[in-house]
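This report refers to the structure that appears directly beneath it.
The values are calculated or read from the model by the stated rules, or taken from the named source; none is laboratory data. Computed from a predicted model, the values in this text were never measured in an experiment. Using ideal geometry, Cβ is built from the backbone for each residue, glycine included, and neighbour counts are taken over all protein chains shown.
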Amino acid sequence: MGFYLPRLLLLCCLFAGNLAWADRQQDPELGKLLRQALSTGECFEDKYEQQVWFMAMEPQLRRTVKNQAERVAILNHVHCEARRLKLPPGLVMAVIDVESRFDRWAVSSAGAVGLMQVMPFWPKQLGMGNAELVHIPQNIRMGCTILRFYLDREKGDYTRALARYNGSVGRRDYADKVLGRLATRWQYR
């Protein structure tokens, strides 16, 4: 417990200093979707599909995430949210890989936090604390909802949606990196 307290304090300090850096993702429609996503109960889970998913992805994730409980939580929540939002689960894994290298404590220079690097203005707008961003279920649920929103906005164009997700509209480097990771590490069926 003592190990996480300094990290949490560091995150709080970083949030306070980086809120002004928040990019242009404060779309009111996206905020509405995030509120709905966070109030949604358990996702539908097909246990067989989940087991196949786990067997395919766990050995790869084990290289980066040493803690078994965190691996299981990441895989379960990615699987659940991908199914709920009709996202390719391998794409979600590739986004997390590029965004945070599966470090739920990661904080970007712009102040984005957690596995999927969610901007810290969202918890405040959603009536949550910033500490929620390092919780695996909440971070993955918000990140997947944001990704789905941009895929819908870009009519399924992965390159443009990923650029929006990353705040790099008009540039391909981020999208190419994510799609490369999808092809080489996280391809699932």
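Within region 103-121, residues that are within 14 Å of Gly167 (Cα to Cα) reach partners that are of a type in the set (Asp, Glu) and surrounded by fewer than 22 Cβ atoms within 10 Å (Cβ to Cβ) with beta carbons closer than 9 Å, at six or more positions or on different chains, in the pairs Ala110/Asp23; Ala112/Asp23; Met119/Asp23.
Tell me the residue from Leu147, Leu162 that is of a type in the set (A, V, I, L, M), closer than 23 Å to Leu75 by Cβ and more than 9 Å from the chain's Cα centre (by Cα), please. Reasoning before the result, please.
Values: Leu147 fails: more than 9 Å from the chain's Cα centre (by Cα).
Of Leu147, Leu162, the one residue that is of a type in the set (A, V, I, L, M), closer than 23 Å to Leu75 by Cβ and more than 9 Å from the chain's Cα centre (by Cα) is Leu162.
Please verify whether region 53-71 includes one or more residues that are crowded, with 19+ Cβ neighbours inside 10 Å, assigned to a loop (DSSP other than H, G, I, E, B) and either in contact with a helix residue (DSSP H, G or I) (Cβ under 9 Å, 6 or more places away or on another chain) or modelled with pLDDT under 95 (or both). Yes, region 53-71 contains a residue that is crowded, with 19+ Cβ neighbours inside 10 Å, assigned to a loop (DSSP other than H, G, I, E, B) and either in contact with a helix residue (DSSP H, G or I) (Cβ under 9 Å, 6 or more places away or on another chain) or modelled with pLDDT under 95 (or both). May I ask you to verify whether Asp152 is within 18 Å of Gln117 (Cα to Cα), at pLDDT 95 or above and surrounded by fewer than 17 Cβ atoms within 10 Å (Cβ to Cβ)? Judged against the criteria, Asp152 is not a match. Filtering region 77-122 to residues that are in a loop (DSSP other than H, G, I, E, B), over 13 Å from Ile146 (Cβ atoms) and of a type in the set (S, T, N, Q) leaves Ser108, Ser109.
Applying a threshold of 6 Å to beta carbon distances and a minimum spacing of six or more residues, or different chains, the list of pairs starting in region 58-69 at a residue that is under 10 Å from Phe102 (Cβ atoms) and ending at one that is part of a helix (DSSP H, G or I) and not aliphatic (A, V, I, L, M) reads Leu61/Arg71; Val65/Arg71. Residues in region 170-183 that are within 17 Å of Gln117 (Cα to Cα) and at pLDDT below 95: 0 in all.
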